[in-house]
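Input: a single structure, listed below in structure tokens.
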Amino acid sequence: MKTNFLFPYRFKKVSGILFVISFVLLALLYIIGEFGTFEFKAKVFSIAGGSGLLGDEGDFYWLETSITDELLMLLVIPSGIIYAFSKEKFEDELLNTIRLNSLAWATIANYTIILFGYLFIYGIVFLNVLMFAMVSQLLIFIILFRYRMFRFYKTEGNEERY
């Protein structure tokens, strides 16, 4: 089976390290609330925004704000996609089946989280659920795929010994 949609294997290690570091930093940012001295402030162009939900500042303006979470998301999402969808050292049909199955379950789990949020979480806190949902599918997929690969290689090793 051709796997043209997968990134080369050589990207896996670097993107995996970047993903883990940036995800941990992003999680710390949301758990602690602020980085304080590690906060990056910049003047950015805003299409819509402001303090209100509908953007009471108007459209298309410049504002100075912390871009720490945006920078971390710019690392988490691409590095997670590259890590999750990089080829393995040895690709075969079974591995593609495991990958597809893991992706399907990650999608189901992600939409379950979103539906749970719609049903039970209200107000501005719901935006945190949506921000978590942006990375949860990647995270769930990576965890499921790696776990299933671990189990596959573990059972494969046992069969070779006997």
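The values are calculated or read from the model by the stated rules, or taken from the named source; none is laboratory data. What you are looking at is a predicted structure, and each value in this text was computed from that prediction instead of being measured. Here the Cβ positions follow ideal geometry from the backbone for every residue, glycine too, while neighbour counts run over all protein chains shown. These accessible areas exclude ligands, DNA and RNA; they are computed on the full protein's heavy atoms, side chains included. Shrake-Rupley method; radii C 1.70, N 1.55, O 1.52, S 1.80 Å.
Could you work out the relative contact order of the chain, using alpha carbon pairs under 8 angstrom and six or more residues apart, expressed as a whole percent?
25 percent
Ranked from highest to lowest mean number of other Cβ atoms within 10 Å per residue, what is the order of the peptides 136-143, 41-48?
Answer by packing, highest mean first, reads 136-143, 41-48.
Per DSSP helix of 4 or more residues, -39500 (n - 2.57); summed, then divided by the residues of the chain. What does that give at 222 nm, rounded to the nearest 500?
-22500 deg cm²/dmol
At a Cα cut-off below 27 Å, give the lysines reachable from Lys13, other chains included and same-chain residues fewer than 8 away excluded.
Of all the lysines, those that pass the test against Lys13 - Cα under 27 Å, at least 8 places apart if same chain - are Lys2, Lys87, Lys89, Lys154.
Expressed as an acute angle from 0 to 90° and rounded to the nearest 10, what is the orientation of the C-alpha long axis of helix 12-32 relative to the principal long axis of the chain?
The helix 12-32 is inclined about 40 degrees to the chain.
Please give the helix 125-161 orientation as an angle from the longest Cα principal axis of the chain, in degrees from 0 to 90, rounded to the nearest 10.
10 degrees
For the chain, what is the accessible area per residue in Å² when the probe is 1.4 Å?
70 Å²
Just want to confirm a number: the relative contact order over segment 94-152, from Cα pairs under 8 angstrom separated by 6+ residues, in percent.
In percent, rounded to a whole number, it is 52.
Cα gyration tensor of segment 58-139, axes a ≥ b ≥ c as square roots of the eigenvalues: rounded (a/c below 1.5), prolate (a/b > b/c) or oblate?
oblate
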